[in-house]
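Working notes, beginning with the structure itself.
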Amino acid sequence: SIVDDATTYESAQAHILAKFWWIGRAKTQPLIDDIEDTFKTFDIENIAPTHGCILRGRDVVRKHLDLAIRVLRETPLQPTAGATP
């Protein structure tokens, strides 16, 4: 339940950036668009990842969706090595 879910923005960001190290080097808007389109197309009630906790219930899924989108929007784009600003 949402009450039992202690996930914060900071913990979601840490997990996302640990798994997807390249997020800080990517233009994330196309990914955000794809994720949002998926959630508009399908009524997602549960998410069972290959690693981590199962997200059960629309409220919990929505919370994690909102956190993930926020991380993707707010993670600053880092220049790649050797790139000129």
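A few comments on the model shown:
- Per the listing 43, 5, 59, the residue uniquely in contact with a Cys (Cβ under 9 Å, 6 or more places away or on another chain) and either loosely packed, with under 10 Cβ neighbours inside 10 Å or touching a residue at least 24 places away in the same chain (Cβ under 8 Å) (or both) is 5.
- Scanning region 1-24 for residues that are of a type in the set (Asp, Glu) and closer than 17 Å to residue 59 by Cβ, we see that the one that is modelled with the highest pLDDT is 5.
- Number of residues in region 21-40 that are part of a loop (DSSP other than H, G, I, E, B) and surrounded by 14 or more Cβ atoms within 10 Å (Cβ to Cβ) equals 2.
The values are calculated or read from the model by the stated rules, or taken from the named source; none is laboratory data. These figures come from a predicted structure and were not determined experimentally. All Cβ positions, even for glycine, are placed from backbone atoms using ideal geometry, and neighbour counts span all protein chains on display.
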